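Step one of this worksheet: look at the structure below.
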Amino acid sequence: MRNLTRKKCLFAVKETQKSNKIFSTIARQLHCDRRTVSRIVAHFNETGLLNEGKRPGRPTSLTEGQQRSLDKYISKNPTATANQLSSFIYNKFNIRISERTLQRYRRDLGFFSTNTTNQSQINTNSSRETTFICRRTSKW
């Protein structure tokens, strides 16, 4: 349950209520381990809740609302670098975040960088131009 969102946990519990669903098929849909789904459902059956309480470790740098704002910005500017995202967050929320942390947020939001190669011929030599584009995967 640690790395699954509340929405995914609710999905797991709902799917187990269906008659022909087993933990391994639900786990495959959520891209997690079968034991994770089993623990979520067992916890729900015992307590009736999906809240685990306070999570251990360092709190996140951005709140959920700030993450949604970052998500919208990346959707509008898919070629934005981590440095540009850092500037955006600082200008909007006055929070300093490292480029590595923003790369992690981008990946967690479902955006992955891809290399696009455009080839053009100049005389007889070919030059290659590579552009990094962030694209959203249909992971969940």
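Nothing in this text is a laboratory measurement; each read-out follows from the coordinates by a stated rule. These numbers come from a predicted model, not from an experiment. Heads up, the Cβs are rebuilt from the backbone with ideal geometry, glycines too, and the neighbour counts pull from every protein chain shown.
Can you work out the base-10 log of I(q)/I(0) for region 6-47 at q = 0.34 1/Å, using the Debye formula on its C-alpha atoms alone?
Log10 I(q)/I(0), no solvent term: -1.37.
Given a cut-off of 29 Å, name the pairs among LYS21/LYS72; LYS54/LYS76; LYS7/LYS72; LYS18/LYS72 whose C-alpha atoms lie farther apart than that in the structure shown.
Working: LYS21/LYS72 35 Å; LYS54/LYS76 34 Å; LYS7/LYS72 19 Å; LYS18/LYS72 34 Å.
The answer is LYS21/LYS72; LYS54/LYS76; LYS18/LYS72.
Using a 7 Å offset from the Cα along the Cα-to-Cβ direction at both THR25 and ARG58, what is the distance between the two label points in nm, to one decimal?
4.2
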